[in-house]
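Reviewing the structure listed below.
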Amino acid sequence: MTDSRDAAVREEQPLSPQGPGDDAVSELDAQTRERRAAALAHVRTFGDPVLNSRATEVTSFGPELEGEAEQMTSIMRDALGVGLAATQLGIMHRLLVFQAGLDATPTAIVNPELEWLSDDLAIALEGCLSLPGITVEVERPLHARVRGRDVHGESLMVEASGLEARVLQHEIDHLNGVLILDRTEREQRKGALRALREGTTYSLASVDDAPADDPSAPPAESSG
């Protein structure tokens, strides 16, 4: 049997569905870094049980839901991210926000479902705001179709490719209690978990660059 990872396209650049890498953050002005830090303070991080819990369906549409979507969009933008799931803020129902780029119009999807995924796959380094300092390889379909509703309860469909498709899959994973650690290979997961326990960082690139006889070489900064 052919390993699907052998057949998948391997992206050369890290793709962070939820924010820029630490090297990019260091180049931001002080006000932007402060605003980003304040936004990240709202985000639940590894070890919080909500990150491993499935969110419930939204059954009530109205001003409260609209307010939640607006708050999530504000936090996502201040964090310089392109996607955020409600569960990352401790809100346990099925709501996500995303924007394909920092200049794109943000969109909220309620009760999103992956209706279709392409057979074409891509492997890319991926980070997560809820796993600070961690970057691992994740294989995902290149194209996706997502159905759901907007905050007013109207039907909504998004056909996405590339980064946008990856973002949507990443956020829906969050709503299902799935993290990128669950999507990566065993050795990368072990390395990432060790880094999270020790309060350090883990990046596959740094592991690949480390001398073969020095498995304890410290990892470099990873995407956020």
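FYI, it's all coordinate maths here, none of it is from the lab. Since the model is a prediction, treat every value here as computed from it, not as a measurement.
Some observations on this one:
- Residue-wise HN-Hα coupling along region 110-121, computed from phi with Karplus coefficients 6.51, -1.76, 1.60 (Hz; x: Gly, Pro): 9, 6, x, 9, 6, 7, 7, 10, 6, 6, 6, 10
- Nonlocal amide H pairs with GLY83, under 5 Å, H built at 1.01 Å: GLN99
- Three-way shape call for region 95-158 based on the alpha-carbon gyration tensor, with the a/c threshold at 1.5: oblate
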